[in-house]
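Q: Before I ask anything, here is the structure I am working with.
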Amino acid sequence: MATLAVQIAFYYLAAGSVASATLAVTRRNPVHSVLWVLALFLHVAGIFLLVRAEFLAAVQIIVYAGAILVFYLFVLMLLDLPREAAGPRFGAHWPLGAAAGLAFAALAWHAREPGLLPTTERTAAGGPPLGSLSAVGTALFTDFALPFEIASLILLAAIVGAVVVAKRKIES
């Protein structure tokens, strides 16, 4: 009975994630899109909880739903929304984007075959259990320190770019 409840919860969260992502992309009002992205982040955090990755669920809520979404709202408030909303919603590239999304979905469907993914041990050789907080911290600050810093520089560049765009519009 417990596995049936977990499967029902997973399918609900997965369907909610897909629906939230679709609504976030298709809404004309950017603030509504941000609210659908919030719903998406909450559904993904629920999926993390189902697979007993409590740390990732907490990070999903605190970092993404908390900090990154607030950052998006600040950027939206700095931009000239009425002029952006007056243009067409999708450009001429939307069929290419839809084809790429369908190709990704087909690859994800194909990847669920059991023989494609290697099996992993639950504990690393002589180390903490995989997925634990100490294992994530050790990997983040040893093997992935450079990508972590590069990601922070990209976010900093995005913030500076938003401020520059907003300042140009105010001076004009």
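The values are calculated or read from the model by the stated rules, or taken from the named source; none is laboratory data. These figures come from a predicted structure and were not determined experimentally. Virtual Cβ from ideal backbone geometry, glycine too; neighbours counted across all protein chains shown.
Q: Which members of the range 18-33 meet the condition of being in contact with a Lys or Arg (Cβ under 9 Å, 6 or more places away or on another chain) and touching a residue at least 12 places away in the same chain (Cβ under 8 Å)?
A: Selection gives T26, R28.
Q: Next up: Looking at V51, V75, V44, V6, which is the one that is more than 30 Å from L133 (Cβ to Cβ) and out of contact with any Lys or Arg (no Cβ under 6 Å at 6 or more places or on another chain)?
A: After applying the criteria, what remains is V75.
Q: A92 is checked against (1) hydrophobic (A, V, I, L, M, F, W, C); (2) modelled with pLDDT of 80 or more; (3) not in a helix (DSSP H, G or I) and fails just one. What number does that condition carry?
A: Going through the list (1) hydrophobic (A, V, I, L, M, F, W, C); (2) modelled with pLDDT of 80 or more; (3) not in a helix (DSSP H, G or I), A92 breaks only (2).
Q: Another question, then. In the range 1-13, which residues are surrounded by fewer than 15 Cβ atoms within 10 Å (Cβ to Cβ) and part of a helix (DSSP H, G or I)?
A: Across the range 1-13, the qualifying residues are A2, T3, L4, A5, V6, Q7, I8, A9, F10, Y11, Y12.
Q: Okay, next question. Here is a check on your reading of the model: is V160 modelled with pLDDT of 80 or more and in a helix (DSSP H, G or I)?
A: yes
Q: I've got another one for you. Quick one: would you say V25 is out of contact with any His (no Cβ under 8 Å at 6 or more places or on another chain), closer than 21 Å to L155 by Cβ and in a helix (DSSP H, G or I)?
A: Values: out of contact with any His (no Cβ under 8 Å at 6 or more places or on another chain): yes; closer than 21 Å to L155 by Cβ: no; in a helix (DSSP H, G or I): yes.
No; evaluated as a whole, the condition is false for this residue.
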